[in-house]
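Student: Dumping the structure here so I can ask a few things about it.
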Amino acid sequence: MMFDLKASFNFSSDVSLIKNELDTFIADFNKKILLKDKTFNIKNVKIDKSNLSFNIISEGVFRPHNALLQMKNEISRNFGKKNYLGIREINIHNYSINFDLEKKPLKKVTIPFADITFKDKHATLILKNIDKEFLQHNYIDRMISRIREKVANHYYEGKSEFWKPIWESEEKKPIWTKDPTEEMARLGWLQQGPTKGKWFYRSQATTIIKTMEKIAIEEILKPLGFKEIISSHIVPFEIWLKTGHMEGMPGEFYYIAEPSTRDKEKWERFVDLTKITKEIQQDELKKNLATPTSGLCYAQCPVIYWSFKGKTISEESLPVLVYDNTAISSRYESGGRHGIERVDEFHRIEPIYIGTSKQLINLRDKMLECYKHVFNDIFDLEWRMAQVTPWYIQQAGEIGDENTQDTGTIDFEAYMPYRGDRKKSEWLEFQNLSILGDKYIKAFNIKAQKSALWSGCSGIGLERWTTAFLAQKGLDPEHWPKGFRKYLDKLPDGIEFL
Ligand code: SER
Ligand code: ZN
């Protein structure tokens with residue numbers, strides 16, 4: 001890397017009289033930094049009345065912008081009292097940064113705050129009109145990382161996701177090959193909700209979903225000692241900044257707009273217009289809405305981690321085993337919506353676990369046993385497990401193809417007969433289980449008395465369980481497996497519509 005920063009200091013009075021002293025000071029400062037960075041060089045030093053201009057060059061071990069701020073402080077300290085001088089202004093005229101990438105970009109790359117050009121693998125970044133605040137925040141290094149990330153992404157696009165099968169059940173003969181959502185809609189068990197990607201479940205569909213919930217609690221969560229908590233499903237942006245969702249998923253949130261006021265007078269015109277026109281006057285409404293600072297739950301775990309933020313957990317409380325079964329998740333699915341399996345609003349139980357690595361690896365094995373018991377003995381499903389890109393990498397918009405045995409995400413996938421041949425069709429991800437190492441432990445500064453902590457979570461999507469089961473086993477309880485019929489063997493009567 002090669003950094004070249006052209007800057008000047010504007011002093012409160014003429015400094016040409018102390019030119020020699022300043023030159024010596026700068027030469028000494030240069031020597032001092034050279035001890036840390038052999039490539040560091042301050043050159044083109046010019047003094048013109050109250051203006052001192054120079055270039056700071058380095059290959060980047062010691063960043064010129066950090067040197068600039070340090071130099072400013074030291075000059076102020078050294079000359080301030082002695083010569084009654086102050087630096088009024090720092091001007092950055094030009095900052096160019098040259099660096100090599102691993103591979104050349106495959107298409108145009110842009111970055112805020114700078115112009116960027118490429119010559120094969122070589123990138124030149126030119127920053128202009130930047131101020132001290134900009135330098136103080138770690139923006140420049142983050143800009144360089146972001147460019148590297150963008151170019152690396154060019155080589156990943158179109159590549160298939162990391163996916164490594166680890167277990168599969170035997171083949172099971174499906175009862176039917178219809179799309180369960182379509183059939184349930186035809187029978188009136190559910191209907192499309194009032195807005196896209198939402199469903200209204202009538203008693204028959206609700207009973208099945210509630211049975212899934214009961215099985216998850218009775219067969220998995222209770223036996224393993226998980227305790228229920230009630231979280232909030234409104235997530236402030238600060239939480240998503242910590243988990244990475246804000247960078248990875250900004251196009252998939254449902255944003256929340258709070259009213260900017262409750263003042264009746266301020267709302268009066270909106271009410272008048274509504275009464276008169278019987279329509280929503282959006283422009284008038286917008287006047288009383290605040291800009292969003294939060295969104296609807298995307299996954300439950302971020303708010304659960306937040307609840308442990310900055311806390312020290314006693315060794316006796318480890319592992320912490322909790323689950324949320326209240327917050328409803330919302331994701332703006334756009335093109336991908338289908339049936340009740342790919343929706344904008346869904347119901348999920350999310351167990352999360354915090355403990356030592358040993359405790360969590362042990363827990364994962366026990367959870368896998370319970371999950372296997374449910375999917376094999378109760379649902380009698382045809383399903384498989386695969387190691388996939390950890391969800392937190394994917395949800396932070398990053399690319400990952402690495403997964404170790406101890407941390408990472410396992411996806412549970414079910415064969416969906418209505419989609420065609422079991423070998424060629426896409427199976428449905430109906431569940432996942434992750435151990436995430438200390439990623440969120442660090443992000444939320446969670447501690448134990450002695451032990452190093454890890455965490456993880458598992459998403460039990462009730463609509464996904466339901467649709468995986470029904471796609472293979474049909475809608476007639478007579479044909480459902482015995483294990484499931486112990487939980488539900490008769491559906492409630494529906495409402496007859498004329
Ligand atoms: N947090 C995990 C996910 O989003 C489990 O719900 O998939
Ligand atoms: Zn989670």
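Student: With 19 Å as the limit, write out which pairs from 32/82; 6/128; 372/482; 38/121 have Cα-Cα distances beyond it, or answer none.
Tutor: 32/82; 38/121
Student: Taking the Cα centre of region 36-174 as origin and charging only Cβ (+1 Lys, Arg; -1 Asp, Glu), how large is the dipole, in debye to the nearest 20?
Tutor: 520
Student: Sticking with this structure for a sec: Can you give the calculated 222 nm mean residue ellipticity of the chain, where each DSSP H run of n ≥ 4 adds -39,500 (n - 2.57) and the sum is split over every residue, rounded to the nearest 500 deg cm²/dmol? Could you put the intermediate results ahead of the total?
Tutor: On the way: 16 runs with 160 residues, N = 498.
Here the helix-only value at 222 nm equals -9500 deg cm²/dmol.
Student: According to a simple spin-label model (label point 7 Å from Cα along Cα-to-Cβ), what is the distance in nm between residue 146 and residue 424?
Tutor: Simple spin-label model gives 4.4 nm for this pair.
Student: Are there trypsin sites (Lys or Arg not before Pro) in region 398-498 that DSSP puts in a loop and that have at most 15 other Cβ atoms within 10 Å, and which ones?
Tutor: Values: sites: 419, 422, 423, 424, 439, 442, 447, 450, 464, 473, 482, 485, 486, 490; in loops: 422, 423, 424, 450, 486, 490.
In loop regions of region 398-498 (DSSP not H, G, I, E or B), the sparsely surrounded trypsin sites (Lys or Arg not before Pro) are 422, 423, 424, 450, 486, 490.
Student: Go through 246, 212 and list them by solvent-accessible area, largest first, probe radius 1.4 Å.
Tutor: Details: 246 40, 212 0 Å².
Heavy-atom accessible area, descending, gives 246, 212.
Student: May I ask for the angle, rounded to the nearest 10°, between helix 264-277 and the longest principal axis of the chain, with both axes built from Cα atoms and the value confined to 0 to 90°?
Tutor: Approximately 50 degrees, to the nearest ten.
Student: How large, in percent, is the carbon and sulfur part of the accessible surface of the chain at a probe radius of 1.4 Å?
Tutor: Roughly 50 percent of what the probe reaches on the chain is carbon or sulfur.
Student: Cα axis of helix 462-473 to longest principal axis of the chain: angle in degrees, 0 to 90, nearest 10?
Tutor: The angle comes out near 40 degrees.
Student: Kindly state, to the nearest 0.05, the FRET efficiency for residue 25 paired with residue 98, given R0 = 41 Å and r defined as their beta-carbon distance.
Tutor: About 0.90, to the nearest 0.05.
Student: A further question follows. Below 12 angstrom from the Cβ of residue 228, what's the summed charge of the other residues (Lys, Arg +1; Asp, Glu -1)?
Tutor: Net of charged neighbours comes to -1.
Student: Long-range amide H contacts for residue 327: which residues qualify at under 5 Å (H placed 1.01 Å from N, peptide plane, sequence gap of 5 or more or a different chain)?
Tutor: For residue 327, whose amide H was placed from the backbone, the distant partners under 5 Å are 231.
Student: Counting Lys +1, Arg +1, Asp -1, Glu -1, what net charge surrounds residue 184 among other residues with beta carbon under 11 Å of its beta carbon?
Tutor: 0
Student: Would you mind getting me the FRET efficiency between residue 192 and residue 486? Use the beta-carbon distance for r and R0 = 51 Å, nearest 0.05.
Tutor: Efficiency, from the Cβ-Cβ distance: 0.95.
Student: Give, rounded to the nearest 20 debye, the magnitude of the charge dipole that the chain has about its Cα centre when Lys and Arg contribute +1 at Cβ and Asp and Glu contribute -1 at Cβ.
Tutor: Around 1540 debye, computed over the chain.
Student: Rounded, prolate or oblate for region 289-350? Axes are the square roots of the Cα gyration tensor eigenvalues, ordered a ≥ b ≥ c, and the cut-off for rounded is a/c under 1.5.
Tutor: Note, shape of region 289-350 comes out oblate.
Student: For region 1-71, run through the trypsin sites (Lys or Arg not before Pro) and keep only the ones in DSSP coil with at most 12 other Cβ atoms within 10 Å of their Cβ.
Tutor: Working: sites: 6, 19, 31, 32, 36, 38, 43, 46, 49; in loops: 36, 38, 49.
Here the trypsin sites (Lys or Arg not before Pro) that fit, given the DSSP loop and packing criteria, are 36, 38, 49.
Student: Averaged per residue, what accessible area in Å² does region 444-498 show with a 1.4 Å probe, protein chains only?
Tutor: Roughly 50 Å² per residue, with all protein chains present.
Student: While we're on this one: Assuming R0 = 25 Å, what is the FRET efficiency of residue 224 and residue 438, from their Cβ-Cβ distance, to the nearest 0.05?
Tutor: According to the calculation, E is roughly 0.70.
Student: For region 280-387, which trypsin sites (Lys or Arg not before Pro) are in a loop by DSSP, counting at most 16 other Cβ atoms within 10 Å? Could you put the intermediate results ahead of the total?
Tutor: Details: sites: 286, 287, 309, 311, 331, 337, 342, 348, 358, 364, 366, 372, 384; in loops: 309, 311, 331, 337.
Those satisfying the criteria are 309, 311, 337.
Student: What figure, in Å² to the nearest 10, do you get for the accessible area of residue 421 with a 1.4 Å probe and non-protein molecules left out?
Tutor: Result for residue 421: roughly 80 Å² accessible.
Student: Here's something else I'd like to know. Leaving out ligands and nucleic acids, and using a 1.4 Å probe, what accessible area per residue does region 129-185 come to in Å²?
Tutor: On a per-residue basis, region 129-185 sits at 67 Å².
Student: Okay, moving on. With every protein chain in place, what's the accessible area of residue 213 (1.4 Å probe, Å², nearest 10)?
Tutor: Near enough 30 Å² of accessible area.
Student: Count the lysine pairs in region 192-300 whose Cα atoms sit under 24 Å apart, keeping only pairs 8 or more residues apart in sequence or on different chains.
Tutor: Counting lysine pairs in region 192-300 gives 21.
Student: Working from the pairwise distances between different alpha carbons, so that the mean of 1/r is found and then inverted, what is the chain's Kirkwood radius in Å?
Tutor: With all distinct Cα pairs of the chain included, I get 27.5 Å.
Student: Among the DSSP beta bridges whose two residues both lie in the chain, what percent are antiparallel, rounded to the nearest 5? Before the final figure, lay out the partial values.
Tutor: On the way: 83 of 88 bridges.
About 95 percent, rounded to the nearest 5.
Student: What accessible area per residue, rounded to a whole number of Å², is obtained for region 1-122 using a probe radius of 1.4 Å? Write out the running numbers ahead of the final one.
Tutor: Numbers: 7010 Å² over 122 residues.
Accessible area per residue, region 1-122: 57 Å².
Student: Could I ask something else about it? Nothing charged except the Cβ atoms of Lys and Arg (+1) and of Asp and Glu (-1): what's the magnitude of the dipole of region 168-279 about its Cα centre? Round to the nearest 20 debye.
Tutor: Charge dipole, region 168-279, about its Cα centre: 480 debye, nearest 20.
Student: Within the set of other residues whose C-beta is less than 14 Å from the C-beta of residue 80, count the net charge using Lys and Arg as +1 and Asp and Glu as -1.
Tutor: So the environment of residue 80 carries a net charge of +3.
Student: A further question follows. Could you tell me the accessible area of residue 434 in Å² (1.4 Å probe, neighbours in place), rounded to the nearest ten?
Tutor: 0
Student: Next question, about the same structure. Take residue 49 and residue 10, extend 7 Å from each Cα along the Cα→Cβ direction, and tell me the distance between the two endpoints in nm.
Tutor: 1.1
Student: Helix 64-83 versus the longest principal axis of the chain: what is the Cα-based angle in degrees, 0 to 90, to the nearest 10?
Tutor: Roughly 40 degrees between the two axes.
The values are calculated or read from the model by the stated rules, or taken from the named source; none is laboratory data. All figures in this text were calculated on a predicted structure; none of them were measured in a lab. For neighbour counting, all protein chains shown are included, and Cβ atoms are generated from backbone atoms with ideal geometry for every residue, glycine included. Note: accessible area is taken over every heavy atom of the protein model, side chains too, but ligands, DNA and RNA are not part of it. Shrake-Rupley method; radii C 1.70, N 1.55, O 1.52, S 1.80 Å.
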